[in-house]
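Below is one structure, written out as structure tokens, with a few remarks after it.
The values are calculated or read from the model by the stated rules, or taken from the named source; none is laboratory data. Every value quoted in this text rests on a predicted model; they were computed, and no experiment measured them. Methodologically, a virtual Cβ is constructed for each residue, glycine included, from the backbone with ideal geometry; neighbour enumeration extends over all protein chains shown.
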Amino acid sequence: MTRTLAFLTDYGLGTEHVGALHAVAATIAPGSPRIDLAHDVPPGDVRWGAVLLERLVRLLPPASVAVAVVDPGVGTERRAVALALERGTVVVGPDNGLLGLAADRLGATRAVAVTSPAHMRWPVSATFHGRDVFAPAAAHLAAGEPLGALGADVAVASIVRPALPAPSVGPGTLEALVAGTDRFGNLALWAGPEHLAAAGLVAGDPIRVASAGGGRARATVGRTFADVPRGAVLVYMDAHGLVAVALNGGDARERVRAAAGEVVALTRQE
């Protein structure tokens, strides 16, 4: 039985690098359906890649195999790993934090180091492990190879986790990391509905949004973009359960002058 193959990278959709992954996978597992989850992860942004991987892998058919490549340390001593999840999915990629959120939230049951020469493409490039290590390993799994054929088991607890510090909450205030942004310029904060509730911030509250870069904006807590006029800033829960900041009809990233990896403060205005 063949398994669905899925790909998430920072290569950029339509590039030769994405094409190479598909070509290698099709050669090894020609009968496997292939899905491009995302290729627009900002270059080298392991943290946002980890967030996207966790939220997208949970949408795949349970027996799928996902290739994840956001790998600024390619060619170094960081491990190549394959991670089995409770839902039956396997994720293959660099052990640099990219797989850590999926391990925690989707229930990792087993991990192996990808070391088997028979499951790589030779010669292995020092700078393109996506093509020569991760895609071949995943394709062999999709074609029916057992997980243990890729290499020896490693402790699930040893899988590197991404740097995602917990938000800071106080009465009427929430400070949280900008985990990433989408193509519309919406800011996804590393905080959930429980943090918004703990801060006592509810729909209709007037909010001041302040970034570490000195940006300031007035906003309103709401449920959907239509809750504020066009050109106004909205604080809301996004489709993936993260607190987010959006500019209705515009780019909140520019309005608030905030970037991924910075802290944004939301404060209720009396």
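Looking across VAL221, VAL235, VAL264, VAL243, one residue alone is assigned by TED's automatic domain parsing to the domain that holds VAL178, more than 24 Å from the chain's Cα centre (by Cα) and surrounded by 15 or more Cβ atoms within 10 Å (Cβ to Cβ). It is VAL221. If only residues of region 120-146 that are in contact with a helix residue (DSSP H, G or I) (Cβ under 6 Å, 6 or more places away or on another chain) and without any contact (Cβ under 8 Å) to a residue 24 or more places away in the chain are counted, the one that is nearest to THR4 (Cα to Cα) is MET120. Return the residues of region 246-261 that are loosely packed, with under 15 Cβ neighbours inside 10 Å and under 21 Å from ALA163 (Cβ atoms); say none if nothing qualifies. Residue satisfying the conditions is GLY261 alone. Considering region 202-217, the residues that are surrounded by 21 or more Cβ atoms within 10 Å (Cβ to Cβ) and among the hydrophobic types (A, V, I, L, M, F, W, C) include one that is farthest from ASP104 (Cα to Cα), namely ILE207. Of all residues in region 53-65, those satisfying the criterion of being closer than 16 Å to LEU83 by Cβ and of a type in the set (A, V, I, L, M, F, W, C) are LEU53, LEU56, VAL57, LEU60, ALA63, VAL65.
Name the residue that is farthest from ARG216 (Cα to Cα), counting only residues in region 239-259 that are in contact with a helix residue (DSSP H, G or I) (Cβ under 6 Å, 6 or more places away or on another chain) and of a type in the set (A, V, I, L, M). Among those residues, the one meeting the criterion is VAL243.
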